[in-house]
There are 2 protein chains.
Amino acid sequence: MFELTRRDALLGTMSTLAVGTMGNAFAASPLANKQAPAFFRYKVGDIEITAVNDGVSRMPITDDFVSNVPKEQVQKTLDALFMERDFYAGPYNPIFLNTGSKLVLVDTGTGEAALTSSNGLNGRLLMNMAAAGLSPNDVDMVILTHFHGDHVNGILKADGSLAFPNAEILAPAKEAAFWLDDGEMNRASSARVKATFQNARRVMTPEALKRLRTYEPGKEILSGVSAVETAGHTPGHCSLTVSSGNKSVFVQGDVTHASFLFARNPGWHFMLDIDPVAAEATRRKVYDMLVAERMVVQGFHYPFPSIAHVEKSGDGYREILVPFSPIL
Amino acid sequence: MFELTRRDALLGTMSTLAVGTMGNAFAASPLANKQAPAFFRYKVGDIEITAVNDGVSRMPITDDFVSNVPKEQVQKTLDALFMERDFYAGPYNPIFLNTGSKLVLVDTGTGEAALTSSNGLNGRLLMNMAAAGLSPNDVDMVILTHFHGDHVNGILKADGSLAFPNAEILAPAKEAAFWLDDGEMNRASSARVKATFQNARRVMTPEALKRLRTYEPGKEILSGVSAVETAGHTPGHCSLTVSSGNKSVFVQGDVTHASFLFARNPGWHFMLDIDPVAAEATRRKVYDMLVAERMVVQGFHYPFPSIAHVEKSGDGYREILVPFSPIL
């Protein structure tokens, strides 16, 4: 009988078979000891977007990490998120836009040199680009949202040469004017801000300056890609809208830092917001728009793959990460 | 002056330079038109875990999709999640455990044949394994949590041969006894359940049966991997705990289907829960434990990469997905 045969196989002889004949007959597969390459693709109409992870930060939670909230409250929040309470793991996610005729990189990550200095924690863009089949030589345009180091340092390779030698570099006009102005540098409000001025000079080598062009908020940078004024985090900070067909995505830059802290708590004044009051106002305005429009947001500091919808939640906003899809 | 030079470069001549010399000088990078391979690694003590995505389902939201909740409420919930309201995109995520001496696959996905029948939506395990550097021939052991098709079909390749020819196949004793018993098949409570009996017979070919062994809940299957009784979804459904050093993860199988619907609403009776009342009781018991122990859960139907912590939220539980980490 079929039934008996099955049950006999199952409960009787089978139980003793496998171990002896197969259990140790094959060498163990070696441990990989490394993470998967991290890139994620989706389409906005005809435009193909590839989010390419550059790694994460590991910043200590200092007293001024959020200037208007006690350190203990930040730590408690991290704890509730099952994260390390004394360090902030802020993700870095540059994106590529392939319009079919142009390959555009938005923000450049922490730079190749960081791969060594961070022990592999960040500086991973070029490595992950290679895994994604994207060649630095094919990049036609780099668009910067602002001049913080984690957005501009990737302009240079570890040897100081241009990482994207064939790309023009587009920066918000007001942002570039501010960070490259020596008078502004001399009036820097803190050592941290002064260091950003100095870093801008380090990165904007003569070769980089040759490729620099500026863009204005409210205008189209290239077909389907428009700039939006979102100042506060830095004086000339811009975001982008990417639209094709009836689809669009809001590429926010640093309107918020990591969503799980700063979209959920838009009133928190992050230490890297240069004008925290303006940054908060921008944040609330942008996020109210995202909620009202049910618009997808691409967040440089969102958890990889860094794309989400947003819902109102208490006094803040909660990100609903777009789930992985095996097909575009 | 440095300042003037910078500003001049920025606001003057540079703006006109780049377009002419570089804008169209290089061929466009081709669109990739395909998603990244989907695997994700983490460590539990000395054990390396690789979650390998097998794709997603696309099931219509029928009247009985959740038997004790109106279809409209399910649709409204999906809508609030910014998902298609008429289809359920349920992720499939088998995992590999590499203990250093054994390579173990937990659940096998929808099977290679599904890659064609689903137009690439699922059946992607072997493809993603290859991307992860995992060879089917190196798999020493397949552990099944239960006998639903999306967990067992991957035992076979599209040609009907064994996908993991050197692996023994371990199934919960009660589960195997139930699904391979012809008497039980004849008493099947619905056409859907009957089809699961028939599918079990299709997959458990003579070659597969030769490799079948059973395991008992409450016992260690191999060093660091123990079985936990979690019946309800199916009569002999088991989960696993994987522990090494002071770390552990709960590999839940189908204690919940997709977290965003069924962990958040543990009282929802999913159409694939064979004993929905027992399934709900198991769900609440397991999730109360996960919350109390602050334990990581690996969910076969969680969004890729399918690993999360859990917090209590209203009458249910909310998953807090573990963020991507570039290093293990």
Worksheet item: Roughly how big is the protein assembly as shown's charge dipole about its Cα centre, with Cβ charges of +1 (Lys, Arg) and -1 (Asp, Glu), in debye to the nearest 20?
Response: 300 debye
Worksheet entry | Rounded Å value of the spacing that divides the Cα centres of region B:300-326 and region B:203-276 | 17 Å
Worksheet item: Applying 1/(1 + (r/R0)^6) with R0 = 25 Å to the Cβ-Cβ distance of B:K210 and B:A158, what FRET efficiency is obtained, to the nearest 0.05?
Response: 0.75
Worksheet item: So which trypsin sites (Lys or Arg not before Pro) in region A:200-283 are both in a DSSP loop and have at most 10 other Cβ atoms within 10 Å of their Cβ?
Response: A:K219
Worksheet item: Dipole magnitude of region B:39-321 about its Cα centre, charges +1 at Lys/Arg Cβ and -1 at Asp/Glu Cβ only, in debye to the nearest 20?
Response: 180 debye
Fill in: Karplus-derived 3J(HN,Hα), 6.51/-1.76/1.60, for each residue of region B:119-133, Hz, glycine and proline x
6, x, 5, 8, x, 9, 4, 5, 4, 6, 4, 4, 4, 7, x
Discussion item. Quick check on the protein assembly as shown: what are the equivalent-ellipsoid semi-axes from the Cα gyration tensor, as sqrt(5λ), descending, whole Å?
Written reply: 49, 25, 23
Practice prompt. Starting from the Cα-Cα distance between B:K219 and B:A130, subtract it from 0.36 nm times their residue separation and give me the gain in nm to one decimal.
Written response: 28.8 nm
Discussion item. Can you report the principal axis dimensions of region A:37-321 using only the alpha carbons, biggest first, rounded to whole angstrom?
Written reply: 47, 46, 36
Fill in: Sequence of A:D159, A:D254, A:D54 once ranked by neighbouring C-beta atoms within 10 Å, starting from the fewest
A:D159, A:D254, A:D54
Item to complete: Report the Stokes-Einstein translational diffusion coefficient (µm² s⁻¹, integer) for region A:113-182, Rh taken as the Kirkwood radius over Cα pairs, at 4 °C with viscosity 1.567 mPa s.
Response: 98 µm²/s
Worksheet entry | Rounded to 5, the percent of DSSP beta bridges in the protein assembly as shown classed as antiparallel | 75 percent
Discussion item. Need one number: % antiparallel among DSSP beta bridges in region B:180-304, to the nearest 5.
Written reply: 75 percent
Item to complete: Evaluate the charge dipole of region A:29-93 about its Cα centre and quote only its size in Debye, nearest 20, assuming +1 on the Cβ of each Lys and Arg and -1 on the Cβ of each Asp and Glu.
Response: 240 debye
Worksheet item: Computed FRET efficiency, Cβ-Cβ of B:A188 and B:V69, R0 25 Å: what is it to the nearest 0.05?
Response: 0.55
Practice prompt. Among B:S190, A:A263, A:G100, pick out the residue whose Cα is farthest towards the positive end of the charge dipole of the protein assembly as shown, where Lys and Arg carry +1 and Asp and Glu carry -1 on C-beta, about the Cα centre.
Written response: A:G100
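Bear in mind that the values in this text are calculations on the coordinates, not laboratory data. Please read these numbers as outputs of a predicted model, since none were measured by experiment. Heads up, the Cβs are rebuilt from the backbone with ideal geometry, glycines too, and the neighbour counts pull from every protein chain shown.
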